[in-house]
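Participant: Dropping a structure here in structure tokens format, bear with me for questions.
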Amino acid sequence: MRYLGVDYGAKRIGLALSDSTATLARPWQMVTAAAGPRQAASVVADVVSRLRASDDPDLDGIVVGLPRRLNGEDTNQTPLVRQFVTVLAELTDLPVDTQDERLTSVEAEARLATRERDWRKRKTLIDAESASIVLQDFLDARVRAHPSEKEQA
């Protein structure tokens, strides 16, 4: 069971992959976003197609970070992400879940700052790092919700 994590942004889209046991997420890559959620979903769907055509085609779902304010309300970006999620599900025929992404960019920046001092290099890595945090939060929540499934695996 493998998942793709997505941190959707207007300029860049961060991607992360889980291991085959859906236990650990790792940053994977960043792709340049196209103009608008529909076009951006098409870019990610192409990445998914290439991933499925690779030596390791097992992909069971996609997890997209959902922007929320600290009080839990939607941001002005939330409707665009929801549209992105809908189109991505249509284009890939995979289940697409959302995961709260509050403060993931702050956490990603802090993680990267410990191993990369140059902020210009960190900037190119932050979206994939954010995607891995979103994906790891999703994977951890699955284990907490269904602990017996992990024990049986």
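The values are calculated or read from the model by the stated rules, or taken from the named source; none is laboratory data. For clarity, every value in this text was computed on a predicted model and none was experimentally measured. Here Cβ is always computed from backbone atoms with ideal geometry, including for glycine, and neighbour counts include all displayed protein chains.
Participant: Determine whether residue 91 is in contact with a Ser or Thr (Cβ under 7 Å, 6 or more places away or on another chain), modelled with pLDDT of 80 or more, surrounded by fewer than 21 Cβ atoms within 10 Å (Cβ to Cβ) and in a helix (DSSP H, G or I).
Facilitator: In short, yes.
Participant: A follow-up question, please. Report, by residue number, each residue of the stretch 121-150 that is at pLDDT below 85, surrounded by fewer than 20 Cβ atoms within 10 Å (Cβ to Cβ) and either outside any helix (DSSP H, G or I) or not charged (D, E, K, R) (or both).
Facilitator: Within the stretch 121-150, 124, 125, 143, 145, 146, 147, 148 qualify.
Participant: If you take the residues in the stretch 11-35 that are without any contact (Cβ under 8 Å) to a residue 40 or more places away in the chain and in a loop (DSSP other than H, G, I, E, B), which one is nearest to residue 104 (Cα to Cα)?
Facilitator: Only one residue tops the list, namely 11.
For (1) over 12 Å from the mean Cα position of the chain (by Cα); (2) among the hydrophobic types (A, V, I, L, M, F, W, C), each residue gets a yes or a no:
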site	(1), (2)
49	yes, no
60	yes, no
64	no, yes
69	yes, no
75	yes, no
80	yes, yes
